[in-house]
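Take a look at the structure below.
The values are calculated or read from the model by the stated rules, or taken from the named source; none is laboratory data. Keep in mind that what you see is a predicted model, and the values were worked out from it rather than measured. Here Cβ is always computed from backbone atoms with ideal geometry, including for glycine, and neighbour counts include all displayed protein chains. SASA here: full protein model, heavy atoms, side chains in, ligands and nucleic acids out. Shrake-Rupley method; radii C 1.70, N 1.55, O 1.52, S 1.80 Å.
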Amino acid sequence: MSPALSRFAGTGTMVVGIAVASWVVFGPPHDWEGGMRWLRHSLALASLGAISYGARLMFPDTQKDASGAM
């Protein structure tokens, strides 16, 4: 994948993850009780995963960057 396309996809993924996370924190899921509470928690974890994956797409770790010299 080209670097420009990777950064564009990473930005989009991060925006969607942040939007879902803010909806879970500030939106209607606070009224969810019982089994729907598990859906709220899974949405929160999925949004954190999307934000993390978007950051990996934006800033890929290449072999040139991962040299063992410190």
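Annotations for the structure displayed:
- Selection count where residues are farther than 24 Å from Thr11 by Cα and in contact (Cβ under 8 Å) with a residue 40 or more places away in the chain, scope region 27-54: 0
- Selection count where residues are open to solvent by 40 Å² or more (accessible area, probe 1.4 Å) and polar (S, T, N, Q), scope region 31-59: 2
- The residues of region 1-24 that are part of a helix (DSSP H, G or I) and surrounded by fewer than 12 Cβ atoms within 10 Å (Cβ to Cβ), listed by number, are Pro3, Ala4, Leu5, Ser22.
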